[in-house]
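The values are calculated or read from the model by the stated rules, or taken from the named source; none is laboratory data. These numbers were taken from a predicted model, which means no experiment stands behind them. Cβ sites come from the backbone with ideal geometry, for glycine too, and all protein chains shown count toward neighbours.
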Amino acid sequence: MSDGYVRTSTDNGIATITFHHPQSNSLPAAILLELSRAIKDAGSSKDVRVIVLRSDGDRAFCAGASFDELVAIGTEAEGLTFFNGFALVINAIRTAPCLVIGRVQGKAVGGGVGLAAAVDLCYAHESAAVRLSELAIGIGPFVVGPAVERKVGKAAFGLMSTTPAVWRTAEWARAHGLYAECFSDLDGLDAAVAGHARELAGYSPAAMADLKAILWQGTEAWDTLLPERAAVSGRLVLSDFTRKAIAAFKQKAAGK
């Protein structure tokens, strides 16, 4: 992955998984696959008691799906494979026996909102606005939808989904359950994440595993539900509407 990476470091029972992509921490298929593997590996390690999921940099947390890869999808099978990458990451978080803390330092779009929603608890900077932009490009937040709806509720999820151009503030996200707490500076954010991770690392792994299982009750069908949703996105991404919408967005971003 010359254009991005996923790195894991472990210290005193805390596995920190960091992803990066030069295009606002967007998520190509390779990074999604590596993220799911890293989370599974950390969750299965006897040396890990808590996972911290974060992205590099001090700006965007995650811009969602890689537009370059979206426009390169040529068949429904390829579309299913790409969008199933989000399913793999969400299900890896869901099934990890240890708790996963998210650190969101900046804006989150689409799949980035899905990551923030999938972690067990999430701390954010006050600049970490959120937006589900998928409908604007002819698809929808189908794969990440169950994770987002689980955190914010059906009404708020519906509002976010049907207003793809609207940014919701970090405070809005906190009030609706997506974020546990928001901070005005990165030092405060990092201190909260590190402090809670250290606290959890000192608790009984068996007790935390049982607690996590209770917290995620009712999501057992996600192993099949999320790939089914990925197939829907994989079909829709082939439409002329999506091709034109992505091209227009990229042209605008390039300042042309």
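Brief remarks follow.
- Subset of the range 4-53 (residues that are within 15 Å of the chain's Cα centre (by Cα), closer than 19 Å to D190 by Cβ and surrounded by 21 or more Cβ atoms within 10 Å (Cβ to Cβ)): I17, F19, N25, I51, V52, L53
Quick grid of which residues meet (1) touching an Asp or Glu at 6+ places or on another chain (Cβ under 8 Å); (2) buried (at least 22 other Cβ atoms within 10 Å of the Cβ); (3) at pLDDT below 95:
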site	(1), (2), (3)
V89	no, yes, no
I101	yes, yes, no
A108	no, yes, no
V113	no, yes, no
A118	no, yes, no
A128	no, yes, no
E149	no, no, no
F157	yes, yes, no
G177	no, no, no
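- Selection within the range 10-31 - closer than 30 Å to S204 by Cα and of a type outside the set (F, W, Y): T10, D11, N12, G13, I14, A15, T16, I17, T18
- A60 under 13 Å from the mean Cα position of the chain (by Cα) and either over 25 Å from F83 (Cβ atoms) or without any contact (Cβ under 8 Å) to a residue 60 or more places away in the chain (or both): yes
- Residues in the range 70-98 that are among the aliphatic types (A, V, I, L, M) and assigned to a loop (DSSP other than H, G, I, E, B) were compared, and the one that is nearest to V166 (Cα to Cα) is I73.
- Only strands (runs of 3 or more DSSP E) whose full extent lies in the range 99-210 are considered here, and the ones with at least 2 residues that are touching a residue at least 60 places away in the same chain (Cβ under 8 Å) are 99-104, 121-125.
- Residue pairs whose Cβ atoms lie under 7 Å apart, separated by 6 or more positions or on different chains, with the first residue in the range 80-93 and free of Cβ contacts under 8 Å to residues at least 60 places away in the same chain and the second part of a helix (DSSP H, G or I) and of a type in the set (S, T, N, Q), are L88/S36; V89/S36; A92/S36.
- The set of residues in the range 183-232 that are among the small types (G, A, S) and either closer than 29 Å to V143 by Cα or in contact with a Cys (Cβ under 6 Å, 6 or more places away or on another chain) (or both) comprises A197, A209, A213, G218, A221, A230, A231.
- Residue in the range 32-51 that is more than 18 Å from V119 (Cα to Cα) and among the basic types (K, R) present: yes
Quick grid of which residues meet (1) of a type in the set (A, V, I, L, M, F, W, C); (2) farther than 24 Å from G43 by Cα; (3) touching a strand residue (DSSP E or B) at 6+ places or on another chain (Cβ under 8 Å):
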residue	(1), (2), (3)
L115	yes, no, yes
T163	no, yes, no
V166	yes, yes, yes
G177	no, yes, no
D190	no, no, yes
V193	yes, no, yes
M208	yes, no, yes
L215	yes, no, no
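- Residue within the range 29-36 that is touching a helix residue (DSSP H, G or I) at 6+ places or on another chain (Cβ under 6 Å) and either among the polar types (S, T, N, Q) or modelled with pLDDT under 95 (or both) present: yes
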